[in-house]
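Novice: My questions will all concern the structure given below.
The values are calculated or read from the model by the stated rules, or taken from the named source; none is laboratory data. Since the structure is predicted, the reported quantities are computational estimates derived from the model, not experimental observations. Don't worry about glycine lacking a Cβ; one is built from the backbone with ideal geometry, like all the others, and counts go over all protein chains shown. Just so you know, the surface numbers come from the protein's heavy atoms only, side chains and all, with ligands and any DNA or RNA stripped out. Shrake-Rupley method; radii C 1.70, N 1.55, O 1.52, S 1.80 Å.
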Amino acid sequence: MQSIREIFKIGRGPSSSHTMGPERAAALFKKDYPEADRFRVILYGSLSKTGEGHGTDKVLHETLAPAETEIVFSKEDPEELPHPNTLDFFAYKADEELGTMRVASVGGGDIKIIGGNADVQGEDIYPENSFAEIAQFCKWRNIRLWEYVELNEGAEIWEFLAKIWKAMRWSIADGLANSGTLPGGLKLERKAKFLYEQASQNQIIQVRETRIICAYAFAVAEQNADNGTIVTAPTCGSCGVVPSVLRYMQERYNYPDEKILHSLATAGLIGNLVKHNASISGAECGCQAEIGTACSMAAAALAELNDMSLEQIEYAAEIALEHHLGLTCDPICGLVQIPCIERNAVAAMRAVTSFNLAWFLYQTRSISFDMVVKTMYQTGINIANAFRETSEGGLARLYRRQK
């Protein structure tokens, strides 16, 4: 598997697959053809159907400037493509075609060049490729998951994760400080600040906890929807889940940053396993691949934060992902707003529930984390295309924009 650095990326929203990935691909293509005075980009599948709402065309124009760029939203059947997020680049000088490149934006800001020689994927640094293999190694060495991460990544991983945690905290703070209407035409009001203010007015600890965690998740997700800076965890659309639960727990129980970084390492490892063995792309496997994975990462992080056993950490991650199986990706108007923002808050609370269940019931579990990852992938590829980030099914089909 690759480094967990590929799971946590600091960047601007609203979509890791629809903006960050295409932006990265465009920058590579522009570098290959500096003499080009004109570009043409064809978007297929989910990129074509929801690219305008996600800002794909905007980021491509900006990245390929000052050259003139034509963006084509193709209607080609996505089932015939190598990935639902596929785009073709063409470079021209006058009437001469200089070169082409086909790219798949595979989720989390990562891209794959189809049929090319360029290696844009990070190197594999983990010899183990399943939770079972990792657990066996950790038991043999008598080490925790975060120690396993350090063993493979090197001590410099903590400096990286410190930057990630700082960026996560800033995204919460920025989201809580802002109010107003999100862009895109849905007239959706930011709610994070309101939720946070309401939390302090309730003396029941459980109610206050729920409102604060949800406020933090809303804050980050709203920043993402407003093209703000966030951290993919593992994607832009699910960026609010992990930081919200860790921030709350640190504030309430005074966990030092060192413990938070250990938890982030464990969360990154869980996200890595899903990415390696299944998918973190909503266009490929529905929202279960994004929000479900984020919830699983957050539940494992909470278990690590509380020094739970390897079996308990696995169970927390498994519960969280299992109970998102079949979750569709149906963003209204192709925007990462409805139902995406609320889903971050709901998943954050489900992560807390998963962690609590694993604390007491881990000895009764029947399903392994590896099994539920495989199940998620099989479920995802069999979900109808209308429910895989095309905005052609579910809420996206039935919703009528308010005037």
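Novice: Give the residues of region 64-91 that are crowded, with 19+ Cβ neighbours inside 10 Å and either over 24 Å from the mean Cα position of the chain (by Cα) or among the β-branched types (Val, Ile, Thr) (or both), sorted by residue number.
Specialist: LEU64, THR69, ILE71, THR86, PHE89, PHE90, ALA91
Here's the yes/no breakdown for (1) acidic (Asp, Glu); (2) on the phi < 0 side of the Ramachandran plot:
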site: ASN227; (1), (2): no, no
site: CYS236; (1), (2): no, yes
site: GLY240; (1), (2): no, yes
site: TYR253; (1), (2): no, yes
site: LYS259; (1), (2): no, yes
site: GLY286; (1), (2): no, no
site: SER296; (1), (2): no, yes
site: GLU304; (1), (2): yes, yes
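Novice: Next up: Please indicate, with yes or no, whether at least one residue in region 92-106 is within 27 Å of GLY13 (Cα to Cα), of a type in the set (Phe, Trp, Tyr) and surrounded by fewer than 21 Cβ atoms within 10 Å (Cβ to Cβ).
Specialist: no
Novice: Another question, if that's okay. Only residues that are surrounded by 24 or more Cβ atoms within 10 Å (Cβ to Cβ) and either out of contact with any Ser or Thr (no Cβ under 6 Å at 6 or more places or on another chain) or in a helix (DSSP H, G or I) (or both): list them for region 228-238, please.
Specialist: VAL231, ALA233, GLY237, SER238
Novice: Consider LEU195 carefully, then state whether it is surrounded by fewer than 20 Cβ atoms within 10 Å (Cβ to Cβ) and either assigned to a helix (DSSP H, G or I) or not polar (S, T, N, Q) (or both).
Specialist: For LEU195, the condition - surrounded by fewer than 20 Cβ atoms within 10 Å (Cβ to Cβ) and either assigned to a helix (DSSP H, G or I) or not polar (S, T, N, Q) (or both) - is not met.
Novice: Would you say SER391 is part of a loop (DSSP other than H, G, I, E, B) and on the phi > 0 side of the Ramachandran plot?
Specialist: Taking the combined requirement at face value, the residue satisfies it.
Novice: Could we say that GLY122 is open to solvent by less than 20 Å² (accessible area, probe 1.4 Å) and under 23 Å from the mean Cα position of the chain (by Cα) here?
Specialist: So GLY122 fails the test.
Novice: Could you check region 32-61 and list, in sequence order, the residues that are touching an Asp or Glu at 6+ places or on another chain (Cβ under 8 Å) and of a type in the set (Asp, Glu)?
Specialist: Matches in region 32-61: ASP37 only.
Novice: Contact list please: Cβ distance under 8 Å, first residue in region 376-396 and closer than 28 Å to ILE270 by Cα and open to solvent by 20 Å² or more (accessible area, probe 1.4 Å), second residue among the aromatic types (Phe, Trp, Tyr) and outside any strand (DSSP E or B), pairs at least six apart or on different chains.
Specialist: none
Novice: Out of the residues in region 282-322 meeting the condition of being under 19 Å from the mean Cα position of the chain (by Cα) and outside any helix (DSSP H, G or I), tell me which one is surrounded by the fewest Cβ atoms within 10 Å (Cβ to Cβ).
Specialist: Top of the filtered list is GLY286.
Novice: Check PHE360 against each of (1) without any contact (Cβ under 8 Å) to a residue 12 or more places away in the chain; (2) under 21 Å from GLY53 (Cβ atoms); (3) hydrophobic (A, V, I, L, M, F, W, C) and name the one condition it does not meet.
Specialist: For PHE360, the exception is condition (2).
Novice: Could you run through region 34-49 and say how many residues are basic (Lys, Arg) and either at pLDDT 95 or above or within 15 Å of THR100 (Cβ to Cβ) (or both)?
Specialist: Residues meeting the conditions: 2.
Novice: Something else: Might you let me know whether region 240-249 holds any residue that is open to solvent by 10 Å² or more (accessible area, probe 1.4 Å) and closer than 30 Å to PRO127 by Cα?
Specialist: no
Novice: All but one of (1) assigned to a strand (DSSP E or B); (2) in contact with a Ser or Thr (Cβ under 6 Å, 6 or more places away or on another chain) hold for MET101, so report the exception by its number.
Specialist: Against the list (1) assigned to a strand (DSSP E or B); (2) in contact with a Ser or Thr (Cβ under 6 Å, 6 or more places away or on another chain), MET101 comes up short only on (2).
Novice: Restricting to region 141-158, what's the tally of residues that are over 21 Å from GLU311 (Cβ atoms), outside any helix (DSSP H, G or I) and not acidic (Asp, Glu)?
Specialist: Qualifying residue count for the region: 2.
Novice: A further question follows. Could you check region 159-180 and list, in sequence order, the residues that are outside any helix (DSSP H, G or I) and either open to solvent by 80 Å² or more (accessible area, probe 1.4 Å) or of a type in the set (D, E, K, R) (or both)?
Specialist: SER179
Novice: Let me ask you something else. Name the single residue that is least open to solvent (accessible area, probe 1.4 Å) among those in region 341-375 being outside any helix (DSSP H, G or I) and farther than 14 Å from GLN312 by Cβ.
Specialist: Per the criteria, the residue is ILE367.
Novice: Out of everything in region 323-338 that is touching a Gly at 6+ places or on another chain (Cβ under 6 Å) and β-branched (Val, Ile, Thr), what residue ends up being surrounded by the fewest Cβ atoms within 10 Å (Cβ to Cβ)?
Specialist: The selected residue is THR328.
Novice: What number of residues within region 205-227 are surrounded by 22 or more Cβ atoms within 10 Å (Cβ to Cβ), closer than 25 Å to ASP110 by Cβ and in contact with a Ser or Thr (Cβ under 9 Å, 6 or more places away or on another chain)?
Specialist: Matching residues across region 205-227 total 5.
Novice: Counting only residues that are touching a Gly at 6+ places or on another chain (Cβ under 8 Å) and closer than 18 Å to ILE111 by Cβ, which one in region 53-63 is surrounded by the most Cβ atoms within 10 Å (Cβ to Cβ)?
Specialist: HIS54
Novice: Of everything in region 7-52, what is surrounded by fewer than 23 Cβ atoms within 10 Å (Cβ to Cβ), among the small types (Gly, Ala, Ser) and in a helix (DSSP H, G or I)? Give them in sequence order.
Specialist: Scanning region 7-52 gives a single hit, ALA27.
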